[in-house]
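Some notes on the structure that comes next.
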Amino acid sequence: MRFTWLLVFLLIAAGVYIYQNPELKSQLLHNTPYPGTPETVRAYKWRNAAGEWQITDSLPPEGVEYERLEHRSDENVLPRPPQLKPGK
């Protein structure tokens, strides 16, 4: 009987601990890290000598015009390929 009460107490204590720690709850339930606040990442959008768009995490060559992009680290900054766009 003591063992049963000890087991019940431990299960309740573990449940309360997991409830109070959302990062642990997220890891256990979804096997993913707690998202928290995603960091901001910087990317640069520019055209190369052939006129093709480039998106890089480093500055383009000197003298090339570029656009600085800032995104959350959990966002995709690349456009969807034409063959995957809806309606095609």
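Values as computed for the structure displayed
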{"read-out": "Lone unmet requirement of (1) of a type in the set (A, V, I, L, M, F, W, C); (2) at pLDDT below 90; (3) not in a helix (DSSP H, G or I) for A14", "value": "(3)"}
{"read-out": "Hits in the stretch 47-83 (condition: over 30 Å from T37 (Cα atoms), assigned to a loop (DSSP other than H, G, I, E, B) and not polar (S, T, N, Q))", "value": "A49, A50, G51, E52, P61, E62, G63, V64, E65"}
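The values are calculated or read from the model by the stated rules, or taken from the named source; none is laboratory data. What you are looking at is a predicted structure, and each value in this text was computed from that prediction instead of being measured.
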